[in-house]
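Read the figures in this text as sums done on the coordinates, not as results from a lab. Computed from a prediction, not measured in an experiment: that's the story for all the values here. Cβ placement follows ideal geometry from the backbone for every residue including glycine, while neighbour counts extend to all protein chains displayed.
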Amino acid sequence: MTGGSTRVLRGISAAPGIACGPAFLLERQRLRPVKRQLQANELDDEVERLLDALNSSFIQVRRLRDDIAGDHEDPHEILDAQAELLRDPQLSDEPTRLIRDESINAEWALDRILRRLRSFYEDSDDLYLRTRGEDIDHVRRLVLQNLAGQEPILRKIPEGAVVIARRLSPADVVQLHRARVAGLAIDRGGRTSHTALMARAFEIPAVLGLKGVCAKARSGEMVAVDGLEGAVLLSPTGRQLERFRERALRFEQVEQELLKDRDKPAVSEDGAVVRLLANMELAEEVGFALAHGAEGVGLYRTEFMFMGRSTLPAEGAHMVDAVKVMVGMEGRPVTFRTFDLGGGEKTSDLLRIPSEVNPALGLRSIRLAFREGSVFRSQLRGLLRASSSGRMKIMFPMISGVEEIRQAKRLLWEQREDLLRQGYKVAEDIEVGIMVEMPSAAMIADLLAKEVDFFAIGSNDLIQYTLAIDRSNELVSYLYHPLHPAILRLVRNVIRAAHDAGIQVSLCGAMAGDPLFTLVLVGLGLDELSMPAAAIPHIKRIVRSSNAKEAQDLAEHLVTLPTVEETEAAVREAMIPRYIEEIPEDPGWEVDIRPGSGTYASGEPGAGPRGGGGAPEGSE
Ligand code: PEP
Ligand code: MG
């Protein structure tokens, strides 16, 4: 369907690919319940949705209570009363009965019960009971909010839609992937935000940082998402749609062509081997990784075990998940990163993650793991119990210094000893490593290399923390420069330190999957690159036709250059003539726009060398 004026919005290319489909505006603020009549086969899910929302609300209220420091009697009492109300069988049993007897939705059933309860309290002569009316209002709002948050997106979003939202969490992307949406057009987020990484992992074409797309798009209108170029067209013209379809077809043909080399090794023309591994978030991605030629998993983001579920994953759940991945990968190495939650983006209702002024510098990752000791120990035990079903590597995120890695290793070995004492089998040869993603770790890489078996450079965070750019903030993503002289030097320092200590080093940030950087990374001497599986065939083609000696010369030259402008120009000069098809062309979407139709063509913050640097113009 087209119709209305054509509008072009420029944002940040977050996940490649081309998609067209009807717009689905994800609006989360509807708290006024609407009655829906359900089919008989929907009732079980609806009851589960209600119970999940009650449970999440209970956890949130308890957490809020625990977070109020000191002896604040009143707030504690109020929150205790609300928690008690949420556990009252009236709130679960009666709406459940209504859902089943009358085939109505959870919101409507719950609202009916709460209204009845409220008028009962209001009519009471007892002052205490009358004040409970406020608790009911609060609880109602909270549960409805949770119900809205967990709206059965899978049921509501039609397959093939382009989802338009102000922001999405990484967990939302997982759900949208399961709902088989065609593309994403999102107001907020930067190129290395976790939302972008998720979209790339699931091959959902996505443009982020679109500023105002929600206000500009109309539900149901045709939307074309160009994830290669970071452009979104609302109600494209017939001619534009045709060009979109041609681009999509070409993209698909190149993908198929590249997959023919799936089983060939990534070896340069002069014999240098670079292993190409997959980054993974869910066990169900194993087949996809193998189909793209992954030689193992270089980064398994276990924090996804804590998202989209209503209870904390127990030791057994960690074990089952890890076994699934290792067995699926058929003996190839799998690197499990212990949970990296917090930091603003990766949240979970299941852990007490405080809201912080500066979450990226706050209680994130290994720091949170140390604070939530029992949760961390469960994860370590689950992983260790899975260790003999394949080749397991374990790594710890956000390590800032030697003390932290020693503490993490101590916890790991304690759990190992304990499990062995209890008669469990634990593999002997688990390699233990760290993510090098903080400038402090990169600076003391020689000291850290003595403590571990391998390094994995997390360039997303290394860039964030070195250049002081919030990776999820689209306003500063024009400063995201993987080829900044400081980054090149830090990466070189880490690789040298690793090799001097005789350990291997990989890089698993977004740089690894970007064809523009492949020669540089090979030249710097990385042993492995880990990336979204879909990128592996592209990177493999470059590695296989590269010359490692020439790549080394390029890397050595780059570290002598003083400015980003010069490093980026040198890389473009080396890459574009030889690998032109790998570097996305500019389709020039503005050209077709009718005069006066409300074109929004600025505001692309030029993420990386393709965007040309420069601060955003600030206009839309
Ligand atoms: C990184 O920081 O580069 C990385 C791979 O970890 P994450 O993106 O999950 O923070
Ligand atoms: Mg990181």
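Cα-Cα over 27 Å: which of K156/K216; K346/K409; K156/K346?
Violating the 27 Å limit, Cα to Cα: no pairs.
Just want the ordering: M329, M443, from fewest to most Cβ atoms lying within 10 Å of their own Cβ.
Placing the least packed residue first, the sequence is M443, M329.
Packing-wise, with mean Cβ within 10 Å as the measure, how do 546-552, 364-370 rank, highest first?
364-370, 546-552
Quick one: of the DSSP bridges fully inside the chain, what percent are antiparallel, nearest 5?
35
Taking θ = phi - 60°, what integer Hz values does the Karplus form 6.51 cos²θ - 1.76 cosθ + 1.60 yield along the stretch 363-373, in sequence order, with x for Gly and Pro?
Taking θ as phi minus 60°, the curve returns 7, 10, 6, 4, 5, 5, 4, 5, 6, 9, x Hz for the stretch 363-373.
Calculate the FRET efficiency for R100 and T311 from the Cβ-Cβ distance with a Förster distance of 25 Å, rounded to the nearest 0.05.
After rounding, the FRET efficiency stands at 0.60.
For L277, list long-range residues whose amide hydrogen, built 1.01 Å from N in the peptide plane, is under 5 Å from its own amide hydrogen.
Amide H neighbours of L277, under 5 Å, 5+ apart: E295, L529, S530, M531.
With labels modelled as points extended 7 Å from the Cα through the Cβ direction, what inter-label distance (nm, one decimal) is found for E122 paired with N41?
4.2
Using only Cα atoms, tell me the angle between helix 73-87 and the longest principal axis of the chain; keep it within 0 to 90° and round to the nearest 10.
Tilt of helix 73-87: around 90 degrees.
Tell me which residues come under 5 Å, amide H to amide H, from C20 once H is placed; ignore anything under 5 positions away on its chain.
V225
Can you tell me the 0 to 90 degree angle between the C-alpha axis of helix 238-259 and the longest principal axis of the chain, rounded to 10?
60
Among the lysines, which have Cα under 20 Å from the Cα of K264 when same-chain residues fewer than 8 positions away are ignored?
Within the straight-line cut-off, K264 pairs with K540.
Which angle between 0 and 90 degrees, to the nearest 10, do you get for helix 315-328 versus the longest principal axis of the chain when only C-alpha atoms count?
Tilt relative to the chain: about 40 degrees.
How much length, in nm to one decimal, is gained on full extension between L51 and Q407, taken as 0.36 nm per residue of separation minus their Cα-Cα distance?
124.3 nm
Would you mind computing, in nm to one decimal, how far apart the modelled labels at E428 and A569 are, each placed 7 Å from Cα along Cα→Cβ?
With each label placed 7 Å out from Cα toward Cβ, I get 5.8 nm.
Quick one: 3J(HN,Hα) in Hz for the stretch 96-107, Karplus 6.51/-1.76/1.60 with θ = phi - 60°, rounded, Gly and Pro as x.
4, 4, 5, 4, 6, 6, 10, 6, 10, 6, 4, 4
Taking every DSSP beta bridge with both residues inside the stretch 272-575, roughly what % is antiparallel (nearest 5)?
Rounded to the nearest five, the antiparallel share is 5 percent.
I want the antiparallel fraction of DSSP beta bridges within the stretch 246-369, as a percent rounded to 5.
Approximately 25 percent, going by the DSSP bridge assignments.
As a test of the formula, what do you get for the chain when each DSSP H run with n ≥ 4 contributes -39,500 (n - 2.57) and the sum is divided by the residue count, at 222 nm and rounded to the nearest 500 deg cm²/dmol?
Estimated from H runs of four or more residues: -14000 deg cm²/dmol.
What nm value, rounded to one decimal, do you get for the distance between R489 and V357 when each label is placed 7 Å out toward the C-beta?
Result for the modelled spin labels: 3.1 nm.
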